[in-house]
Each structure stands twice: as structure tokens, then as C-alpha cells.
Amino acid sequence: MLNLDLTEEQRLLEQSVRAWAAREVAPRIRELDRAHTFDRGLFPQMAQLGLLGVSVPEQYGGAGMDYICLGLASEELEYVDTSLRVIMSVHVGLNCLTLLAWGSDDQKQRYLVPQAQGSKVATFGLTEPSAGSDARGIQTVAVKKGDRYLLTGEKMWISLADVADNYLVFAWTDLDKKKQRDPSGMSAFIVERAFKGFSSATLKEKWGILAGNTGSFKMEEVEVPQENLVGREGEGFKIAMFALDQGRYTVAAGATGLIRACRDASVKYAKERKTFGEEIGSYQLVKEMIAQMESDYQASRLLWLRSGWLKNTGRRNTRETGLAKWYATVASERAASDAVQIHGANGYSDEYPVGRFFRNCKGAVIYEGTREIHKLMQADYLLGYRTDRPPRCELPAWEK
Ligand SMILES: Cc1cc2nc3c(=O)[nH]c(=O)nc-3n(C[C@H](O)[C@H](O)[C@H](O)COP(=O)(O)OP(=O)(O)OC[C@H]3O[C@@H](n4cnc5c(N)ncnc54)[C@H](O)[C@@H]3O)c2cc1C
């Protein structure tokens, strides 16, 4: 039976994240963004709210909340700033939930528990200078040597690259398959910043999500113990795609929050600003933009809620999550552009938040599958060119 009422736990989580972000981050976000400063002090605060392990079971150090709570937290965080939601995407979505499904017991104890508790920060390294959408084009290799792998390569455009402790990294373990671009030659590894041969840097030229950290990392024959191989050798590509099902969910919910932020800022401004003796909100053309924001917000929210519900019930949701991510991010771009438009010249300065929303929204139309990749994916399902085969591991259904 369809029930869109939030449970008591979900409502409390939504309210507490909203209150925390409004109190602790909103007053400072413009300065952090202007100064291109990532505030590490956010991690302990987010950990205290249970956000860094929000949908991770309590037995692994998490808050034991359902996947809808992860979506609600993502929506509330991005309402204030995209950089906050990005933490949820890479740390919780792409990394922790992937370890929960694919990690060994030992990996869960050594990595998932401290990450979910918030004492270690984690991220996800797939993209490289020469390969983003085309993940089979990565060049990083992992060569087996005794009971270790030697990892060599460079990852680029990685969120939290320069601040994380642990990295879920993808590399070719079968060099013949690499030549043939056969993804069954790729494997996934947990790499620690502390491993010898690892170095990272912050990307300085970025023009959006300026309060977030984005960067690159290099591995020069980094020795990774074989216990840090996630899943089996050759399962890396599947694991990466699995991880994206979780990350995209948080991006969809986050973009929904950004649409709501654009809507609220636009409604407020439309009632304050007068031209020709009238509030600009009284003009049909301004109303049209605000109404579009509301319809985009409501539709985006329903799409991510459906995806969260499928996750809660333990069902495959690649197609639905992809649609939610594609729809919400494209709609957030429209909402941010119109919010700037409604603010006129004031929208073109950072005195008002909508300029930041406009810069921030674009990233999500690119990462975790570009707009074009998602369009292709949806069409391919309809045309029968794509079907989902069950992966070996699934996200555990949420039960209480
Ligand atoms: C702020 C930010 C944070 C990021 N964080 C991470 C992270 O934490 N970890 C990580 O691994 N990566 C991360 N990324 C990288 C991101 O996932 C890639 O940028 C993305 O996958 C696109 O790859 P690309 O930039 O190489 O573009 P390309 O793949 O080179 O695409 C360029 C253009 O060509 C189009 N295109 C490509 N192939 C096709 C096709 N078959 N059909 C039609 N059009 C196509 C694309 O849609 C795009 O418009 C991040 C990126 C950004 C901007």
C-alpha cells in the first residue's frame, strides 16, 4: 500500500538536519564559499547527528535508519549548500553502503565501523584524467605481488580527495582484459591515505561547490594488502555500478532540496521586490517560473521517495534511481537559472544565495552519470537494449 507519510523517526531526522544546517552552516556558508574553504569541523558535527552512518546498521557503527532517512538528510543538506550533500554522496552512498553490501566481515570492522561512526572519512575514486563516463577507459592498474597488490594510477575530480582517510578505488587487475576493455578485468580496493606512495591535491580551478573539497590523488606502486580487495577479483566494475545506485540516490534527493531552496528564495524575493509599483510576484511571467519550481520540486521528491522505498524493500532500483537523478538534477538547473532571473541583477551577485545555487547545481548534471548518459540509459531500458542482471550482492533490505 502506498503511504507517503513520514514515520516519526523520519520526521525527527528531517527536522533535526534542517535545524542544524540552518543554525550551524547557513549563516557562514557565503563566507566559506567566497573563501573556497572546506570546513573539516563539519565532520564531527555531522557524525554527532548520525549522518555519517545514517543508513548503516547499528551493529556496524551506524545510526540504523532507513534509506528514506538518507534521502531526507541529503535533501535538507543541499537546501543549505551542495557541499554538505556531497559528503553524504561519497562517504555514505558511494563508500559506506558499498562496503555494507560487498565488504568482508573484516573490512566492515576495520573500515565501515569507524566511517559510520564518523572517526574516518571516506570517498570513491573511479574517474581519471582520461576517463569519466567511459569507466572502462581508466588506466589505473593493480599488479599482484605475493599477498599484496601494487596500485599505480591517478584519479581526478574526486570529491573529498584531499581530506578523506579511506578511498574505494577501481583498477585493472587483468591487463589482457584491459586491452580488450572487458570490465570483468577490473577490481575494487580499499586504499588508505596513510599507505606509502599515496598523495592527494585540491583542485583550485573549480567554479562551483566552492565550500566543498574536490581534487585528485596519485598512487605510485601503493602496496595494498589482499585483504583490502573488495568482492572478488574481477568484480570491480559491478561494484562501481552498484555504488552509483546509492550515490545517485543522494544526488537526486539533494537536487530536490536545491530546487526547494530556489523556490523559497524566489517566493520571498518576488514579494519584496517591486517594479512599476507592483510586487514582481504579481506578474504572470514570474508566477510561471515559481509554479514550475513547485512542480519540479514535487515531482523530484516523489521520484527519489520511490527509489528509497525500493531500497527499503530490498528491490533492484538502478532504473528508477537513474531516472530520479536525471530528472531532479536537470530540473535543479532550470530552477537555479530561473531563481537568478527572478532576482534580476541581485541574482547576479553573491549577496543573494541564488547565484551560488546556480554555480552549484551544474556539477550534479555532470557527476554520477551525465545528463546524456542517463538519457541513454532510460531509452535503452525502453528499447530493450539494457536489462539489469542481479548483482551478486544487494543492499540489505531495511528492517526494523
Ligand atoms: C564536482 C565534481 C565532483 C566529482 N566527484 C567525483 C567523485 O567523488 N568520484 C569520481 O569517481 N568522480 C567524480 N566526479 C567525476 C564525474 O563523475 C565525471 O566528471 C563524469 O562521470 C563525467 O565524466 P567526464 O567529466 O570525463 O566527461 P566525459 O565522459 O568526457 O563527457 C563529456 C561530454 O560527452 C558526453 N558523452 C560522453 N559519452 C557519451 C555518449 N556515449 N553519448 C552521448 N554523450 C556522451 C557527456 O554527457 C558530456 O556531455 C566529479 C565531477 C565533478 C564535476
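Worth pointing out:
- For the range 184-240, filtered to residues that are basic (Lys, Arg) and over 23 Å from the mean Cα position of the chain (by Cα), the residue that is surrounded by the most Cβ atoms within 10 Å (Cβ to Cβ) is 232.
- Against the test of being more than 11 Å from the ligand (Cβ to nearest atom), of a type outside the set (Gly, Ala, Ser) and within 30 Å of residue 268 (Cα to Cα), the options 334, 392, 386 yield a single qualifying residue, 334.
- Qualifying position, being free of Cβ contacts under 8 Å to residues at least 60 places away in the same chain and either surrounded by fewer than 19 Cβ atoms within 10 Å (Cβ to Cβ) or over 21 Å from residue 399 (Cβ atoms) (or both), among 80, 25: 25
- Considering the range 126-168, the residues that are closer than 13 Å to residue 367 by Cβ and of a type outside the set (A, V, I, L, M) include one that is most open to solvent (accessible area, probe 1.4 Å), namely 157.
- Top-ranked residue of the range 104-133 - restricted to ones that are part of a loop (DSSP other than H, G, I, E, B) and under 19 Å from the mean Cα position of the chain (by Cα), ranked as farthest from the ligand (Cβ to nearest atom): 118
- Condition check for residue 344: under 19 Å from residue 67 (Cα atoms) and either open to solvent by less than 50 Å² (accessible area, probe 1.4 Å) or touching an Asp or Glu at 6+ places or on another chain (Cβ under 9 Å) (or both): no
- Any hit, the range 362-378, residues being in a loop (DSSP other than H, G, I, E, B) and open to solvent by 100 Å² or more (accessible area, probe 1.4 Å): no
- Of all residues making up the range 141-160, the number that are in a loop (DSSP other than H, G, I, E, B) and touching a Lys or Arg at 6+ places or on another chain (Cβ under 7 Å): 0
The values are calculated or read from the model by the stated rules, or taken from the named source; none is laboratory data. Everything numeric here is computed off the predicted structure, so don't read it as measured data. Cβ atoms come from the backbone with ideal geometry, glycine included; neighbour counts cover every protein chain shown. These accessible areas exclude ligands, DNA and RNA; they are computed on the full protein's heavy atoms, side chains included. Shrake-Rupley method; radii C 1.70, N 1.55, O 1.52, S 1.80 Å.
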